[in-house]
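This report concerns only the one structure given below.
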Amino acid sequence: MTQMLPAGTTTSTRSLLAKATLFAGSIVALAACQEPKEIGLDPTSPVGVFYTDTLTINRSTILFDSVRTNKAASLLVGRYTDPVFGPVTASAFTQLSLGSQFIVQDSLKVDIPAGQIVHDSTFLYLQYTYAPVYGGDTLQTHEVSVHRLTEDISRTKNYNYTSSIAYSPQPLGKLAFKPTPVTSAYVKIPMDAAFGKEIVAVANKDAGKADSIFQQSVKGLALIPGANNPSVLAFNPMGTSGAYTSVLQVYYHIQGKTTALSQTLMVSMAQGRFNRIVPTRAGTLLSTLKAGQATSSVETKGQTFVQPGTGVTTKIEIPGLSDLKKRRVAINRADLVITPVAAPSTQLNLPPYLALAEVNAQNQLLRYQTTDFVQFVPVATSVFNRTASSWYYPQVSGYNTRNKSYTFDMTGYFQTIMSGLTPNNGLLLMTPSTGNLVDVSTGVASNLAPYYLNDRLWRMILDGKASVKVIVFYTNTL
């Protein structure tokens, strides 16, 4: 049947047995029941429980006033043009870190004089995985030029996706190549000999023993794409095992000796690198976006958008929950199902995961004050207390290739709204590159969100009302 909720919201409901009494055993049965995830299937429900999938949902597109790109998991370098989002250019900036103290000694542990340490060659090795390639034809030639930073990277500053720092216009190295369609591969960029000799000269000196001194003279590198690059590559500073995979390798020998030696410098720790991602939105539906403001789907032809690397995401508001709250109902189960437009290609791909984050009135991410944890919708099946530990287990939904959607269990979160613990201010779609945003393996919660939240150029379009749907089972408490 159809029932009119307050404020004129029309909600479709089913009662499997009208006016039946709901026993406690029925509630237990419902809590243990896993309802179907597919939109369009009639869910099963115990006696006396009502079901609705037509709660009012509002969608809008948000442009963040800032997106942290330091601590990024990947260094993004390249260009491409998205048919919906427009052209994008990505550059990366990174410090270099001493992998180990640069000490060169003879067999008696006596330092070799600087004049006897002879530079041979220097190469920058950058590892990339073929999967995170964004935007264009990977069979075309890519070009990366490496420049010397002339400005320090601050380890205490949060760099935005529009941030940039000064670098020398003269490249230290340059390489044109075609990406290899394998799981992972390296590019090997020959570096300027004078730069290599400068690094060799720090051997056995204070600058060769401490990053803080070394980085005073060698501030770092900028990775700049060629003018005609067809796509953006993601270079990996570290592998999944935590080992450094992108490094600067300096080769040398001792005068009068034939043994080849080398010193490895690492592409810096997470805090010492960031990406600059510059979109051009002129002529697109996103051309009028303004930082911090919500652009209704009505203004963008029923569509809303997600492109995390450029600060674009979708805000979901569910005012229909307020109608249910007025009716004094108890939510037994609630699912939020997000069904995006299919990806047009493997290089314009959907994010593998989504998370839902709380925002304030200025559409800024809420973070718990004492921990800096992003206030994601948690993995919770009952009311939670919103203390620091409430945010230790963010709920992350992977893309279901069978249903072509992402599904969140909103039961506990909606219950906190109904009970007045949580304001119904809307949620933002976030795109982590991992299914786990908090590391609790050591027994101490560690916030991984800054590393994995906005470091990619995935894109997503939500088109029409059916793209976001809430399925709620509830019981009248009056």
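The values are calculated or read from the model by the stated rules, or taken from the named source; none is laboratory data. Note that the structure is a prediction, hence the values are computed from the model and not measured. Reconstructed Cβ throughout: ideal geometry from the backbone, glycine too, with neighbour counts over all protein chains shown. Areas reflect the complete protein model, heavy atoms only, side chains present, ligands, DNA and RNA absent. Shrake-Rupley method; radii C 1.70, N 1.55, O 1.52, S 1.80 Å.
A few notes on this one:
- Sole residue being in contact (Cβ under 8 Å) with a residue 40 or more places away in the chain, out of contact with any strand residue (DSSP E or B) (no Cβ under 8 Å at 6 or more places or on another chain) and not in a strand (DSSP E or B), chosen from 369, 362: 362
- In segment 236-252, the residue that is surrounded by the fewest Cβ atoms within 10 Å (Cβ to Cβ) out of those that are modelled with pLDDT under 90 and assigned to a strand (DSSP E or B) is 238.
- Residue within segment 322-337 that is closer than 17 Å to residue 471 by Cβ, modelled with pLDDT under 90 and not in a strand (DSSP E or B) present: yes
- Top-ranked residue of segment 296-318 - restricted to ones that are more than 21 Å from the chain's Cα centre (by Cα) and crowded, with 20+ Cβ neighbours inside 10 Å, ranked as nearest to residue 336 (Cα to Cα): 318
Results for (1) aliphatic (A, V, I, L, M); (2) in contact with a Ser or Thr (Cβ under 9 Å, 6 or more places away or on another chain); (3) on the phi > 0 side of the Ramachandran plot; (4) modelled with pLDDT of 90 or more, shown as yes or no for each residue.
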{"position": "426", "(1), (2), (3), (4)": "no, yes, yes, yes"}
{"position": "429", "(1), (2), (3), (4)": "yes, yes, no, yes"}
{"position": "440", "(1), (2), (3), (4)": "yes, yes, no, no"}
{"position": "454", "(1), (2), (3), (4)": "no, yes, no, no"}
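- Residue 412 being more than 19 Å from the chain's Cα centre (by Cα) and either on the phi < 0 side of the Ramachandran plot or open to solvent by 50 Å² or more (accessible area, probe 1.4 Å) (or both): yes
- Checking the stated criteria, residue 454 turns out to be in contact with a helix residue (DSSP H, G or I) (Cβ under 9 Å, 6 or more places away or on another chain) and either of a type in the set (Ser, Thr, Tyr) or open to solvent by 20 Å² or more (accessible area, probe 1.4 Å) (or both).
- Condition met for residue 403 (polar (S, T, N, Q), open to solvent by less than 20 Å² (accessible area, probe 1.4 Å), over 16 Å from the mean Cα position of the chain (by Cα) and closer than 24 Å to residue 467 by Cβ): no
- Residues of segment 369-396 that are surrounded by fewer than 17 Cβ atoms within 10 Å (Cβ to Cβ) and touching a helix residue (DSSP H, G or I) at 6+ places or on another chain (Cβ under 7 Å): 370, 371, 381, 382.
- Output for segment 343-359, where each listed residue is in a strand (DSSP E or B) and open to solvent by 60 Å² or more (accessible area, probe 1.4 Å): 353
- Those residues of segment 158-204 which are surrounded by 13 or more Cβ atoms within 10 Å (Cβ to Cβ) and either acidic (Asp, Glu) or without any contact (Cβ under 8 Å) to a residue 12 or more places away in the chain (or both), in sequence order: 192, 198
- Of the residues examined, residue 444 is one that is within 17 Å of residue 391 (Cα to Cα), aliphatic (A, V, I, L, M), open to solvent by 60 Å² or more (accessible area, probe 1.4 Å) and modelled with pLDDT under 90.
- Residue 340 part of a loop (DSSP other than H, G, I, E, B), within 20 Å of residue 410 (Cα to Cα) and touching a strand residue (DSSP E or B) at 6+ places or on another chain (Cβ under 8 Å): yes
- Residue under evaluation residue 292, criteria (1) at positive phi; (2) open to solvent by 50 Å² or more (accessible area, probe 1.4 Å), criterion not met: (2)
- Annotation note: of 437, 429, the sole residue that is farther than 29 Å from residue 56 by Cβ and either open to solvent by less than 50 Å² (accessible area, probe 1.4 Å) or touching a strand residue (DSSP E or B) at 6+ places or on another chain (Cβ under 8 Å) (or both) is 437.
- Selection from segment 154-195 of residues that are within 17 Å of residue 222 (Cα to Cα), assigned to a loop (DSSP other than H, G, I, E, B) and among the polar types (S, T, N, Q): 154, 162, 163, 164
- Considering 429, 462, 421, 457, the condition of being touching a residue at least 40 places away in the same chain (Cβ under 8 Å) and assigned to a loop (DSSP other than H, G, I, E, B) is satisfied by 457 alone.
- Residue satisfying condition, being under 24 Å from the mean Cα position of the chain (by Cα), touching a residue at least 40 places away in the same chain (Cβ under 8 Å) and over 20 Å from residue 271 (Cα atoms), within set 120, 65, 111: 65
- Those residues of segment 205-222 which are open to solvent by less than 10 Å² (accessible area, probe 1.4 Å) and either closer than 27 Å to residue 77 by Cα or in a loop (DSSP other than H, G, I, E, B) (or both), in sequence order: 214, 218, 220, 221, 222
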